[in-house]
Amino acid sequence: MALTGAQVKQLRSMAHHLNPAIIIGKSDVNEGTVEQTVAYLEKHELVKCSVLDGSSLSAREAAEELAERCHADIVQVIGRKFSLYRESSRKDIEKIVDIQLADVRARLAKERMTLAITPAAKQMLAVGGLDPVFGARPLKRLVQREVVDAIAAAIIDGTVREGDQVTVDVDKDGGFTVVCDNTPTATYEVPDAE
């Protein structure tokens, strides 16, 4: 994936504050270095690396080799340090969607409400919450704007009440909808007094 100039600028400013997490020494770029970098990129998307004086590679050479082997983009090379970026994989973003929705479910549970989400809505959140520069960071705002705010509006207008199940779905225009199932889960009839 080729990064745009604006994306590179943003990533450079983010990488500036990072401490090197990957150190390349005498053994240059080996399998251990690649595995460590891949694991770090999966977790953080952005990594700063440092090349020690004992390495036979320059920072540029190490950055190019490590970026190729990790399928990452070089953000910046300055002196003996360089930064790499690789966006989260799709599987990871869906896990993050589940984590964000678990927070919403916990908040609804306090009001004795449940949350259901259709696979289409979950996929829309995953796609809409993934940004090439920021990774999964915009997901929290998307869940707040599209799910939490819609549920709050439904609670305020009385559509959703305590004990209801709230279902988030996608409408035919590609927007999110909140549907309430306020069918009681169990009924109890009081017998007539005789």
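The values are calculated or read from the model by the stated rules, or taken from the named source; none is laboratory data. The structure presented is a predicted model; accordingly, all values stated were derived computationally and were not measured. Every residue, glycine as well, gets a Cβ built from its backbone with ideal geometry; the counts of neighbours run over all protein chains shown. Keep in mind that these areas ignore ligands, DNA and RNA; they rest on the heavy atoms of the full protein, side chains included. Shrake-Rupley method; radii C 1.70, N 1.55, O 1.52, S 1.80 Å.
For the stretch 43-118, applying the loop criterion from DSSP together with a ceiling of 15 other beta carbons within 10 Å to the GluC sites (Glu not before Pro) yields E111.
Surface listing: V127, V29 arranged by accessible area from highest to lowest gives V127, V29, probe 1.4 Å.
When all protein chains stay in place and ligands, DNA and RNA are ignored, the 1.4 Å accessible-area order of D157, D98, D28, D173, largest first, is D173, D157, D98, D28. Over 19 Å apart at the Cα level, from the set K43/K122; K48/K140; K95/K172; K43/K95; K140/K172, are K43/K122; K48/K140; K95/K172; K140/K172. Listed by chain and number, the aspartates and glutamates placed with their C-alpha closer than 16 angstrom to that of K26 are D53, E61, E65; residues fewer than eight positions away on the same chain are left out. Rolling a 1.4 angstrom probe over the chain with all protein chains present gives an accessible area of which 51% lies on carbon and sulfur atoms. When all protein chains stay in place and ligands, DNA and RNA are ignored, the 1.4 Å accessible-area order of V179, V168, largest first, is V179, V168. Once you divide the Cα radius of gyration of the stretch 90-130 by 2.2 N^0.38 Å, the number left is 1.20.
Stokes-Einstein diffusion for the stretch 1-84 at 25 °C, viscosity 0.890 mPa s, with a Kirkwood radius from C-alpha pairs, works out to 195 µm²/s.
Per-residue extension of 0.36 nm, minus the Cα-Cα distance of T114 and Q10, leaves a gain of 33.6 nm for this segment.
With the whole protein complex present, L130 retains an accessible surface near 40 Å², based on a 1.4 Å probe.
Among the trypsin sites (Lys or Arg not before Pro) found in the stretch 1-96, those both in a DSSP coil and sparsely packed, with 15 or fewer other Cβ atoms within 10 Å of their Cβ, are K26. To the nearest ten degrees, helix 31-44 and the longest principal axis of the Cα atoms of the chain are 40 degrees apart. Taking Cβ atoms as reference points and 14 Å as the exclusive limit, the residues near L18 contribute a net charge of +3, counting Lys and Arg as +1 and Asp and Glu as -1.
Annotation for the stretch 133-181: trypsin sites (Lys or Arg not before Pro) lying in DSSP loop with at most 11 further Cβ atoms inside 10 Å of their Cβ are K172.
Think of a 1.4 Å ball rolled over the protein heavy atoms: the stretch 32-168 then has 52 Å² of accessible area per residue. Shape of the chain from the C-alpha gyration tensor: prolate (a/c of 1.5 or more and a/b above b/c, with a ≥ b ≥ c the square roots of its eigenvalues). Stretching K140 away from R60 to a fully extended chain increases their span by 25.3 nm, per 0.36 nm per residue minus the current alpha-carbon distance. Straight Cα distances below 16 angstrom link K110 to the aspartates and glutamates E162, D164, with same-chain residues fewer than 8 positions distant left out.
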